[in-house]
Amino acid sequence: ETIEIKTPSKSYPVFIGRNTVRSLTDFIIGHYRLTGKIMIITDEKVAGLHLHTVKESLSQTNIPICEYIVPEGEHAKSFDVFYQCQSFALSENLNRKSVIIALGGGAVGDVAGFVAATFMRGIPFLQIPTTLLAHDSAVGGKVAINHPQGKNMIGVFYQPEAVFFDLDFLRTLPPKEWRSGFAEVVKEALIQDSDFYNWLLSSIGNLNDLTEEKLMHMIKRGIEIKAAIVAEDEKETGVRAYLNLGHTLGHAIEGLLGYGSISHGEAVMTGTIFALHLSQRRLGLDFDMQRFISWIHTLGYETTIDRDDKKSELLSFMKRDKKNVSNIITFVLLQKVGHPQMEDIPDSEILDSLSLMYSGK
Ligand code: NAD
Ligand code: ZN
């Protein structure tokens, strides 16, 4: 299956299926007169699991390959790692005809994309996402690294030349990472497509043994939703912000607990429940919350914030979010499933609603 992403700055294909990595070679031969090298950026874990498959596939091109292995997880998105990647690219004599391949989850995609966007003012890059979550992050062209003062604070919009989503790579993901990625799928369904949401609710009862058919449908629909939004609003001046459903509180939870101690998507799922609560309260959203919560608990999510005294800290994390333009926190809420809306919420109401999130609810 192929989905075409059309943004004002570029159109590019997303290939989804088994063995898509084989078409990588054809794509490279077909699209580039490469005189430069291919630089693969991957992390320590993915290198051990899947790098050989990609290298084997690329060996047919006879193009020289080099690889740079970054630390796992958020540690990959540091200024130091970014700088080391640039130094490595220079020492390997990469040039403007070279291609950078991001092989890994969202963290690898974000740092590798930012390296590609800035090396010699920008060279082509390809995404090979290896997590479910990266169905979201590999599409849409946001690339960034973190600063000690905030996540994703340094970055640009830079679209890849193509995305190769190979379902076989996902089979080695631990349960926590399935949950992380699935939260973004649920988010996409909630903001855009109530039929898809109902399908998820009735068909996905366990994330550990998804059939290929279900997995394919889920990823495809998720990417289509993201693609439609990004096509309309590449640089996030409008509707793209709806993709932040659940992320306002989600990012604050990640910040409070320390990035990496909870997966991105698990934090976002808690944030999504919070946004649904606010939506019911403010916009009269008609939604079966009990069913939703029991469903996601069955799927293995932890969704409560266990310490009451953290409320004000969460609030101050939310205030630091770069998406806020003033001191007032704006949330993505739902009028109905499939109909998002931005709402400014006063601090007092946030604190009050946070109380709903403590253990037992
Ligand atoms: P990740 O790259 O940190 O991957 C999560 C973990 O899974 C890592 O430990 C990694 O080594 C491991 N892993 C990756 N592939 C594997 C596989 N096939 N088998 C076994 N283990 C595997 O990150 P992620 O969870 O994919 O994404 C989170 C990151 O993505 C965050 O930094 C977030 O900011 C970013 N993100 C970016 C966007 C965007 O639009 N650019 C959107 C959402 C999230
Ligand atoms: Zn996210």
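Just so you know, all these numbers are worked out from the coordinates, no wet-lab data involved. The structure presented is a predicted model; accordingly, all values stated were derived computationally and were not measured. Note that we place each Cβ from the backbone using ideal geometry, even for glycine, and neighbour counts take in every protein chain shown.
Structure above, values below:
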quantity	calculated
For region 1-113, average projected area of the Cα convex hull in nm²	7.5
Charge dipole of region 27-108 about the Cα centre (unit charges at C-beta), most positive-ward option of Leu49, Ile63, Ala76	Ile63
Residues with amide H under 5 Å from that of Gly104, placed H, sequence gap 5 or more	Ile128, Thr130
Exposure proxy order (Cβ contacts within 10 Å, fewest to most) of Thr53, Thr237, Thr270	Thr237, Thr53, Thr270
Antiparallel bridges, percent of DSSP beta bridges restricted to the chain (to nearest 5)	40
Unsatisfied cross-links (Cα-Cα over 26 Å) in the set Lys6/Lys142; Lys235/Lys310; Lys77/Lys319; Lys142/Lys187; Lys6/Lys97	Lys235/Lys310
Cα-based helix-to-principal-axis angle, 194-203 vs the chain, degrees rounded to 10	90
For region 69-81, 3J(HN,Hα) per residue [Karplus equation, 6.51 cos²θ - 1.76 cosθ + 1.60, θ = phi - 60°, Hz, x = Gly/Pro]	9, 9, x, 6, x, 4, 4, 5, 9, 9, 4, 4, 5
Label zone at Ile65, where the point sits 7 Å out along the Cα-to-Cβ direction: region 128-143 residues whose backbone N lies under 15 Å	128-129
Whole-Hz ³J(HN,Hα) from phi, Karplus 6.51 cos²θ - 1.76 cosθ + 1.60, for region 114-126, glycine and proline x	6, 4, 4, 5, 10, 5, 6, 6, x, 10, x, 9, 10
Point-charge dipole on Cβ atoms (K/R +1, D/E -1) for the chain, about Cα centre, debye to 20	700
Rounded tilt (10° steps) of 20-31 against the dominant C-alpha axis of the chain	60
Relative contact order (%) - region 175-357, alpha-carbon pairs under 8 angstrom, separation at least six	27
Region 175-357 - charge dipole about Cα centre, Lys and Arg +1 at Cβ, Asp and Glu -1, debye rounded to 20	160
Where labels lie 7 Å past Cα in the beta-carbon direction, separation of Asn327 and Ile29 in nm	6.3
Helix 264-283 vs. the chain, principal-axis angle (Cα, 0 to 90°, nearest 10)	40
